[in-house]
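Visitor: Handing you this structure, nothing more for now.
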Amino acid sequence: MATFDRLLTPLRVGATLLPNRMVMGAMHTRLETLDRPHERLAAFYAARAAGEIGLILSGGFAPNPEGVMEPGGPLFNRAEQLDEHRVVTRAVHEAGGKIVLQILHAGRYAKVPECVGPTAAKARINAYAPRALSTQEVRATIADFACTAALAVQAGYDGVEIMGSEGYLINEFTAALTNARDDEFGGSFAGRIRFALDIVRAVRAEMGREPMLIYRISSIDLVEGGMSGAETAAFAKEIEAAGADLINTGVGWHESAVPTIAACVPRAAWRDAIRNVKEAVSIPVMASNRINMPEVAEELIASGVADLVSMARPLLADPDFAKKTRLGMADEINTCIGCNQACLDRIFTERTATCLVNPRAGREIEFAAGKAKQPKRIAVVGGGPAGMAFALNAAERGHQLTLFEAHARLGGQLNLAKVVPGKAEFHEMLRYFEVRLERLGVAVRLGHAPTAQALASETFDEVVIATGVTPRVPDIVGVDHPKAVSYIDVLTGKVEVGARVAIIGAGGIGFDVAEYLLGDAQEALDRGVFFRAWGVDPANANAGGLTRVDAHGAPRRSVHMFQRKAQPLGKGLGKSTGWILKARMRQANVMMTSGVAYDAIDDEGLHYRVDGKPHVLAVDHVVLCAGQHSNRTLYDELVARGAQPKVIGGADVAAELDALRAIDQAARLAMTL
Ligand code: FAD
Ligand code: NAP
Ligand code: SF4
């Protein structure tokens with residue numbers, strides 16, 4: 001069994017002793033937009049503190065109104081706000097944890113018309129152009145940071161983190177790309193870093209020696225005109241001298257064209273950039289980005305890359321990450337799969353964050369845990385995410401579960417998802433469910449599809465149907481031709497797919513099939529392959545850490561994707577990951593045609609029309625990715641017999657189904673029984 005001695009060793013940070021090296025990274029959750037926001041935040045953070053995380057970094061709070069992320073976004077600049085923050089700090093301290101307030105000025109990324117920056121250059125990811133701060137306003141902003149830090153200490157926080165990465169205001173000052181100022185806060189390297197250093201000095205002076213002062217540095221900017229590795233190292237030294245206790249590391253700007261935290265990024269990919277900072281300073285340095293397992297975190301410390309690790313999304317996925325690590329239960333950690341579906345994609349579309357693998361995240365006050373008043377015998381039919389999540393949650397509540405799965409292994413469609421390049425993290429989700437179901441004593445009957453009669457003959461108090469979906473076979477002439485194959489046959493390797501392929505349907509599965517047919521499974525596992533594909537110079541010799549893209553040579557296949565809707569393909573993909581998939585398709589010269597009417601599939605290939613004009617595409621295979629139907633045969637039979645089964649996941653509603661909805665619905669049903 002793996003041991004985590006380094007991860008579990010206490011560490012002194014300034015005047016504070018942290019019990020271990022695991023830190024919950026700052027994450028904007030938008031919980032403040034829901035009812036009872038402070039109670040929610042308190043419950044959310046307290047659960048992580050009770051789970052023994054060594055330190056919590058709060059989501060970012062702006063030090064002044066023009067620095068908020070969005071209208072009404074978190075802002076901490078008045079004494080009247082102290083009490084609402086005390087609700088949070090008290091809850092964390094009572095649960096045995098420590099919490100630091102992150103101060104984040106969004107700069108030119110602020111989605112408010114009055115946003116500001118070092119200069120007036122607009123970010124491509126914001127509709128608003130910033131106004132350039134005057135020298136006097138820069139000094140006032142420094143004072144605002146110090147004021148918020150003083151308020152944080154009064155509110156009971158154990159210190160502050162100054163957000164200096166990801167392309168926000170401070171980062172905009174440090175990079176030549178966004179700082180063309182000619183006053184003392186621009187020009188030379190010394191001028192560009194002055195704003196950050198003055199903030200650190202002012203915050204330290206205001207807070208005194210005791211509270212923790214963490215600075216989050218951009219370890220690699222991943223934008224043209226960012227800092228070089230040598231500049232970053234020199235800057236880190238200056239941050240230490242200015243009074244920081246700990247340097248946290250960030251990776252890339254939000255406008256960078258390189259994925260930094262999606263599942264397609266290899267675990268701990270950014271270690272060289274982090275090590276560069278670590279080697280420059282004598283205070284502790286924290287690693288971040290795509291660290292989702294204790295093994296990865298332990299190795300980063302063991303190999304001298306960092307002294308601590310920051311994990312934000314993994315703490316959404318499992319509040320007990322640190323406790324399970326300490327207790328030797330790492331195989332029971334509910335691992336963040338890097339999908340971004342319920343966290344970043346929601347934040348970017350003005351919704352509140354939760355987690356695909358843990359629907360309780362951010363909903364702690366709704367999902368009050370606890371045992372059921374009356375334990376029941378429950379049958380669950382279907383071992384996909386819906387069935388597994390229901391069985392797990394119901395078993396945790398004390399019910400006695402039998403889970404039937406027709407196939408030889410649990411997982412349902414997750415077994416297809418996990419073979420897609422960049423989706424290997426789905427293996428961890430399967431591992432979590434399998435281990436937890438076994439430890440909870442759920443009777444799993446694999447290779448077993450019970451009939452309605454068989455279910456009736458056993459004395460179950462409840463029957464839950466989670467039989468999922470079956471692929472839709474579109475009504476196209478020749479759909480039974482040997483060239484036409486289902487995505488299941490492709491992803492299970494049943495069909496040897498030819499060199500020229502048409503894909504009918506461009507939803508999530510259509511894109512995944514294209515990626516499978518073209519992609520490189522090694523890319524998400526091998527840093528060298530990933531860096532070459534995305535043009536990253538890990539040594540960061542050039543300013544910004546970018547280099548020439550040295551992608552994949554000739555594409556492995558010629559792929560043409562189709563949809564009937566007359567709109568660009570991929571519109572429904574996740575906000576934070578869709579652009580990555582579309583960029584990969586462009587790299588591989590994938591053709592995309594929308595507004596299509598399908599005529600036939602025959603020996604010649606795929607016949608279709610666009611605007612009434614007929615076309616024929618010569619292909620070896622046509623892969624059908626045309627959505628799915630609910631598989632409700634068993635449910636209907638049970639209802640016909642007078643039973644009252646519950647139905648969840650794809651068996652309930654197939655349209656717009658994903659694992660997020662399947663797991664959420666399952667967990668909520670389990671709470672009611
Ligand atoms: P299913 O996963 O279909 O599971 C149903 C299970 O029931 C199956 O194991 C089946 O064998 C079993 N079963 C059926 N009938 C019986 C019976 N009579 N007796 C016993 N067992 C039975 N979703 C996301 O959120 N994010 C993604 O990135 C993502 N990627 C995907 C990639 C691919 C390639 C595919 C195919 C799907 C992807 N999905 C993704 C969708 C996600 O996998 C599904 O939404 C989810 O699996 C639906 O869960 P479910 O439990 O309702 O159904
Ligand atoms: P989907 O997103 O609903 O896409 C189905 C596609 O098939 C659409 O492009 C649709 O486009 C086409 N289609 C529908 N009916 C058709 C018909 N009768 N004939 C021809 N084409 C037809 O479903 P999916 O791709 O099967 O994915 C299933 C679920 O898994 C989705 O809800 C998705 O969210 C989830 N998933 C998520 C991810 C992810 O990364 N988040 C990845 C994979 C899957 P037209 O109707 O315009 O032709
Ligand atoms: Fe991780 Fe996905 Fe959960 Fe976000 S939604 S925390 S990426 S598992």
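The values are calculated or read from the model by the stated rules, or taken from the named source; none is laboratory data. These numbers were taken from a predicted model, which means no experiment stands behind them. Note that we place each Cβ from the backbone using ideal geometry, even for glycine, and neighbour counts take in every protein chain shown. Ligands, DNA and RNA are stripped out before the accessible areas are found, and what is left, the full protein with its side chains, is counted by its heavy atoms. Shrake-Rupley method; radii C 1.70, N 1.55, O 1.52, S 1.80 Å.
Visitor: Quick one: work out the % antiparallel among DSSP beta bridges in the stretch 11-366, nearest 5.
Guide: Values: 3 of 34 bridges.
In the stretch 11-366, approximately 10 percent of DSSP beta bridges are antiparallel ones.
Visitor: Something else: Would you pull out the residues with amide H under 5 Å of ILE56's amide H, same chain only if 5 or more places away, H placed 1.01 Å from N?
Guide: When sequence neighbours closer than 5 places are left aside, the close amide H contacts are MET24, LYS98, ILE99, VAL100.
Visitor: In whole Å, how far is the Cα centre of the stretch 348-363 from that of the stretch 498-551?
Guide: Centre-to-centre (Cα) distance: 28 Å.
Visitor: With 25 Å as the limit, write out which pairs from LYS418/LYS646; LYS483/LYS571; LYS418/LYS575; LYS376/LYS418; LYS418/LYS571; LYS324/LYS371 have Cα-Cα distances beyond it, or answer none. Each step should come with its number before you reach the end.
Guide: On the way: LYS418/LYS646 28 Å; LYS483/LYS571 28 Å; LYS418/LYS575 21 Å; LYS376/LYS418 34 Å; LYS418/LYS571 23 Å; LYS324/LYS371 21 Å.
Where the Cα-Cα span goes over 25 Å, the pairs concerned are LYS418/LYS646; LYS483/LYS571; LYS376/LYS418.
Visitor: Can you pull the percent of the chain's accessible area that's carbon plus sulfur, 1.4 Å probe, other chains left in place? Write down the numbers at each step before the final one.
Guide: Details: 13260 of 25850 Å².
That fraction is 51 percent.
Visitor: Right, next: Using packing as a proxy for protection, rank 159-171, 478-490 so that the peptide with the highest average count of other Cβ atoms within 10 Å comes first.
Guide: Details: 159-171: 27.2, 478-490: 17.0.
Output ranking for 159-171, 478-490: 159-171, 478-490.
Visitor: Hey, another quick one. Report the local net charge at ASN248: Lys and Arg +1, Asp and Glu -1, summed over other residues whose C-beta lies under 12 Å from its C-beta.
Guide: Values: positive: ARG216, LYS278; negative: GLU161, GLU166, ASP245, ASP307.
So the surrounding residues net to -2.
Visitor: Could you state the angle between the C-alpha long axis of helix 426-439 and the longest principal axis of the C-alpha atoms of the chain, as a value from 0 to 90 degrees rounded to the nearest 10?
Guide: The two axes meet at around 80 degrees.
Visitor: Now, a different point. Return the long-range amide H neighbours of LEU246 (sequence gap of 5 or more, or a different chain), with a cut-off of under 5 Å between placed amide H atoms.
Guide: For LEU246, the qualifying residues are LEU213, TYR215.
Visitor: At 25 °C and a viscosity of 0.890 mPa s, what translational diffusion coefficient does Stokes-Einstein give for the stretch 11-366, taking Rh as the Kirkwood radius over Cα pairs? Give it in µm²/s as a whole number. Present the calculation step by step, with values, prior to reporting the outcome.
Guide: Working: Rh = 19.9 Å.
Answer, rounded: 123 µm²/s.
Visitor: Relative contact order for the stretch 99-232 using alpha-carbon pairs under 8 Å, separation at least 6, rounded to a whole percent? Show your work: numbers first, answer last.
Guide: On the way: 239 pairs, mean separation 36.4, N = 134.
After rounding, I find 27 percent.
Visitor: Can you tell me the orientation of helix 578-587 relative to the chain, as the angle in degrees between its alpha-carbon axis and the longest Cα principal axis, to the nearest 10?
Guide: The helix 578-587 is inclined about 80 degrees to the chain.
Visitor: Report the relative contact order of the stretch 11-366, percent, no decimals, based on alpha-carbon pairs under 8 angstrom and at least 6 residues apart. Could the numbers behind the result be given before it?
Guide: On the way: 819 pairs, mean separation 62.9, N = 356.
In percent, rounded to a whole number, it is 18.
Visitor: Determine, for each peptide in 86-93, 130-137, the mean count of other beta carbons within 10 angstrom over its residues, then list the peptides with the highest first. Please list the in-between numbers first.
Guide: Values: 86-93: 19.9, 130-137: 15.9.
Going by the mean number of other Cβ atoms within 10 Å, highest first, we get 86-93, 130-137.
Visitor: LYS646: accessible area at probe 1.4 Å, nearest 10 Å²?
Guide: Near enough 60 Å² of accessible area.
Visitor: For n ≥ 4 DSSP H runs only, could you compute -39500 (n - 2.57) per run for the chain, divide by its residues and tell me the 222 nm figure to the nearest 500?
Guide: On the way: 21 runs with 210 residues, N = 673.
Computed mean residue ellipticity for the chain: -9000 deg cm²/dmol.
Visitor: Right, another one. At 0.890 mPa s and 25 °C, plugging the Kirkwood radius over alpha-carbon pairs of the stretch 319-426 into Stokes-Einstein gives what diffusion coefficient in µm²/s?
Guide: Values: Rh = 16.0 Å.
Using the Kirkwood radius from Cα pairs, D works out to 154 µm²/s.
Visitor: Can you give me the distance in nm between label points at SER188 and VAL495, each placed 7 Å from the Cα along the Cα-to-Cβ direction?
Guide: 6.6 nm
Visitor: May I pose another question? Can you give me the relative contact order of the chain as a percent, contacts being Cα pairs under 8 Å and 6 or more apart?
Guide: Relative CO of the chain lands at 12 percent.
Visitor: Work out, step by step, the length gained on full extension between GLU637 and VAL616: first 0.36 nm times the residue separation, then minus their alpha carbon distance; give nm to one decimal. If you can, show how the numbers build up before the last one.
Guide: Values: separation 21, 0.36 × 21 = 7.56 nm, distance 4.37 nm.
Result for the pair: 3.2 nm of gain on full extension.
Visitor: Based on the mean of other beta carbon atoms within 10 Å per residue, what is the order of 500-507, 389-396, most packed first? Before the final figure, lay out each step's value.
Guide: On the way: 500-507: 23.5, 389-396: 25.6.
Order by mean packing, descending: 389-396, 500-507.
Visitor: Could you state the number of Å between the C-alpha centres of the stretch 325-342 and the stretch 560-638?
Guide: 34 Å
Visitor: Can you grab the distance from the C-alpha centre of the stretch 445-483 to the C-alpha centre of the stretch 135-164, Å, no decimals?
Guide: 58 Å
Visitor: If you don't mind, there's one more thing I want to ask. Over 20 Å intervals from 0, what percent of Cα-Cα pairs in the chain sits in each interval?
Guide: 18, 48, 29, 5, 0
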